[in-house]
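See below for the structure under consideration.
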Amino acid sequence: MSEKPYHDIPGTTLFDAEQSRLGYHLNMFCMSLMKAENREAFKADERGYLDRWPMTEAQKQSVLDRDWNGMIALGGNIYFTSKIAATDGLSFQQIAAMMSGVTQAQYARMMLDGGRSVEGVRSKKEQPHG
Amino acid sequence: MARITAGVATSHVPAIGAALDSGKAGEPYWQPVFAGYERSKQWIAEEKPDVIILVYNDHASAFSLEMIPTFAIGCADSFAPADEGWGPRPVPTVKGHSSLAWHMAEQLILDEFDMTIVNKLDVDHGLTVPLSLMFGQPDEWPCQVIPLAVNVVQYPPPTGHRCYMLGKAIRRAVESYPEDLKVVVFGTGGMSHQLQGPRAGLINTAFDQAFLDTLISDPVAQSKVPHLDYVREAGSEGIELVMWLIMRGALDDQVKQVHRFYHVPASNTAVGHLILENAGS
């Protein structure tokens, strides 16, 4: 992976050329969930539906596990993977809580209190373990 | 001739549309958000634009990864609300202004902005939420709308400077259109927010307020801010703010602030809103 100036931002994956190449089929699978009949087919047989797409096994497993950060790491883009969340009946805020490792109540409280502070999360250099 | 009289900037958070559509606008969580737009509804009812050029981004609704236009202009007569996975928003079909949109496309291309021309375009919350915030829930939208979609999903989006210069080119294109039309430009998206990864939920009020100040008073300086600053300070999705520079570029160097509003949170996002009029108008 080539180093980019934004790679030092913690907890953040920019959907750049590298990620887009990696995640093309994963994201196009997500795009297919825009159609009601495809959502039904996916819900009826998730594994079978995923096998229609030339995704890697790791990508398929991340979807089956609803590993939202894993999908992003494997090239997923949040505007695409959120279509899986919509299929599951989850809100953006619910998956945002899951990705940041807190309960939905904790996340909602954080947002009401003004959101996550940028202090300490601008750069990995600011963090104790790099 | 057609002329641009004012600019509007606003966040386009999907949950705002959902709150309005499901009758929750009066709830304590949402009431402060909608209260910030009361003045705006009065203003636009008096302003009565003929056409809105609405700068927004599509969120994997009309454009997937098959085609990713950096700048696209909707030239059709109408645009249907997109089904974003839970059915289209119950809002009116958006009426375009095909003649002005095509004129703009021609002029912008000759002015060295290589627009993608789009004749079929379903419009998602990025376009319809700003209309709802400004007009409420009418049976039909009171003016015509030209969608101008900017890629901010696939990194990198166009630079702030390129967006600012596109705004200036849009003004030249509009002012060379012979019909007497009143045009308002909307820049939408932002403010600080991050929707993905362990840093989700990021809000940076200091950055947002400084952005609002500088966008108004020194847009050239704001246009030079690199992407890295937006991503680091305002979150991976906060970079949508470059779209506000298109609106700003379409206005005079000096503008009059009619309205300014800022609120945290709407779901995952800081809501920012400006109404700016050309100082000469």
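Evaluate the relative contact order of the stretch B:3-278 (contact order divided by residue number), counting alpha-carbon pairs under 8 angstrom at least 6 apart; express in whole percent.
Values: 603 pairs, mean separation 85.3, N = 276.
For the stretch B:3-278, the relative contact order is 31 percent.
Relative to the longest principal axis of chain A, what angle (0 to 90°, nearest 10) does the C-alpha long axis of helix A:78-88 take?
In chain A, helix A:78-88 runs at an angle near 60 degrees to the longest axis.
Let's see if you can work this out: charge +1 on each Lys and Arg Cβ, -1 on each Asp and Glu Cβ, no other charges. What is the dipole magnitude of the stretch A:13-89 about its Cα centre, in debye to the nearest 20? Mind showing how you got there, number by number?
On the way: 9 positive and 11 negative charges, 34 e Å.
Dipole magnitude for the stretch A:13-89 comes out near 160 debye.
Based on DSSP H runs of at least 4 residues, each adding -39500 (n - 2.57), what is the mean residue ellipticity at 222 nm of chain A after dividing by all its residues, to the nearest 500 deg cm²/dmol? Each step should come with its number before you reach the end.
Details: 8 runs with 72 residues, N = 130.
One gets -15500 deg cm²/dmol as the mean residue ellipticity at 222 nm.
Pick from A:Met28, A:Met111, A:Met71: which residue has the top mean-square fluctuation in a GNM of chain A where Cα pairs under 10 Å get a spring?
Ranking A:Met28, A:Met111, A:Met71 by mean-square fluctuation puts A:Met111 first.
Could you please report the charge total around B:Leu251, scoring K, R as +1 and D, E as -1 over all other residues with beta-carbon less than 9 angstrom from its beta-carbon?
-1
Pick out, from B:Ile44, A:Ala85, B:Leu121, the residue whose Cα sits farthest towards the positive end of the charge dipole of the protein assembly as shown, with +1 on the Cβ of Lys and Arg and -1 on the Cβ of Asp and Glu.
Positive-most Cα among the choices belongs to A:Ala85.
Select from chain B the helices, each a whole stretch of DSSP H, whose alpha-carbon atoms run 20 Å or more along the helix axis and whose Kyte-Doolittle mean is at least -1.0; answer none if there are none.
Span-like helices, by this rule, are B:160-175.
Hey, if we sort A:Arg39, A:Arg109, B:Arg3 by accessible area with the 1.4 Å probe, largest down, what's the order?
A:Arg109, B:Arg3, A:Arg39
Taking every DSSP beta bridge that has both residues in chain B, what percent is antiparallel when rounded to the nearest 5? Let's see the in-between values first.
On the way: 20 of 42 bridges.
For chain B, the DSSP antiparallel bridge percentage is about 50.
Output needed: percent of Cα pairs per 5 Å distance bin for chain A, bins running from 0 to the one holding the longest distance.
Per 5 Å bin, starting at zero, the Cα-Cα P(r) for chain A comes out as 2, 10, 18, 20, 18, 14, 10, 6, 2, 0 percent.
Can you grab the distance from the C-alpha centre of the stretch A:46-78 to the C-alpha centre of the stretch B:196-216, Å, no decimals?
The stretch A:46-78 and the stretch B:196-216 have Cα centres separated by 31 Å.
Along each of its three principal axes, how wide is the spread of alpha-carbon positions in the stretch B:41-105, in whole angstrom units, largest first?
Answer, in whole Å and largest first: 40, 31, 18 Å.
Are there any chymotrypsin sites (Phe, Trp or Tyr not before Pro) in the stretch B:52-89 that are in a DSSP loop and have at most 16 other Cβ atoms within 10 Å? List them by number. Show your work: numbers first, answer last.
Details: sites: B:Tyr56, B:Phe63, B:Phe71, B:Phe79, B:Trp86; in loops: B:Phe63, B:Trp86.
Of the chymotrypsin sites (Phe, Trp or Tyr not before Pro), the ones in loops of the stretch B:52-89 whose Cβ has at most 16 other Cβ atoms within 10 Å are B:Trp86.
Which FRET efficiency value, to the nearest 0.05, is calculated for B:Thr116 and A:Ala36 with the Förster distance at 25 angstrom and r the Cβ-Cβ distance?
The computed FRET efficiency comes out at 0.30.
Here are some pairs, A:Lys60/A:Lys125; B:Lys41/B:Lys256; B:Lys48/B:Lys168; B:Lys41/B:Lys182; A:Lys83/B:Lys24; which of them have Cα atoms lying more than 26 Å apart in this structure? List each step's numbers first, then the result.
Details: A:Lys60/A:Lys125 33 Å; B:Lys41/B:Lys256 18 Å; B:Lys48/B:Lys168 23 Å; B:Lys41/B:Lys182 17 Å; A:Lys83/B:Lys24 23 Å.
Among A:Lys60/A:Lys125; B:Lys41/B:Lys256; B:Lys48/B:Lys168; B:Lys41/B:Lys182; A:Lys83/B:Lys24, the Cα-Cα distance tops 26 Å for A:Lys60/A:Lys125.
For chain B, what value does the Rg/Rh ratio take when both radii are computed over Cα atoms and Rh is the Kirkwood radius, given to two decimals?
Reported Rg/Rh, Kirkwood definition of Rh: 0.92.
Would you mind working out the magnitude of the charge dipole of the stretch A:39-130 relative to its Cα centre, with +1 at each Lys and Arg C-beta and -1 at each Asp and Glu C-beta, to the nearest 20 Debye?
I would put it at about 220 debye.
Evaluate E = 1/(1 + (r/R0)^6) for A:Ala44 and B:Gln254, where r is the Cβ-Cβ distance and R0 equals 60 Å; express this FRET efficiency to the nearest 0.05.
The pair A:Ala44/B:Gln254 has a calculated efficiency of 0.50.
Please turn the phi angles of the stretch A:40-50 into ³J(HN,Hα) values with the Karplus equation 6.51 cos²θ - 1.76 cosθ + 1.60 (θ = phi - 60°), one per residue in order, whole Hz, x for glycine and proline.
Calculated HN-Hα couplings, in order: 5, 5, 5, 5, 6, 7, 4, 4, x, 5, 4 Hz.
With the other protein chains left in place, how much accessible area per residue, in square angstrom, belongs to the protein assembly as shown at a 1.4 angstrom probe?
Averaged over the residues of the protein assembly as shown, the accessible area is 39 Å².
Picking from B:Ser11, B:Ser223, B:Ser267, which is most flexible by a Gaussian network model of chain B using Cα springs under 10 Å?
Sorting by GNM fluctuation, first place goes to B:Ser267.
Could you report the accessible area of B:Cys143 in Å², rounded to 10, computed with a 1.4 Å probe on the protein chains as they sit in the structure?
10 Å²
Which value, in nm² and rounded to one decimal, describes the direction-averaged projected area of the C-alpha convex hull of the protein assembly as shown?
One quarter of the hull surface, i.e. the mean projection, equals 19.1 nm².
The values are calculated or read from the model by the stated rules, or taken from the named source; none is laboratory data. Only a predicted model underlies this, so the values are computations on that prediction, with no experimental measurement involved. Glycine gets a Cβ as well: all are built from the backbone with ideal geometry, and neighbour counts include every protein chain shown. Just the protein is used for accessible areas: all its heavy atoms, side chains included, with ligands, DNA and RNA removed. Shrake-Rupley method; radii C 1.70, N 1.55, O 1.52, S 1.80 Å.
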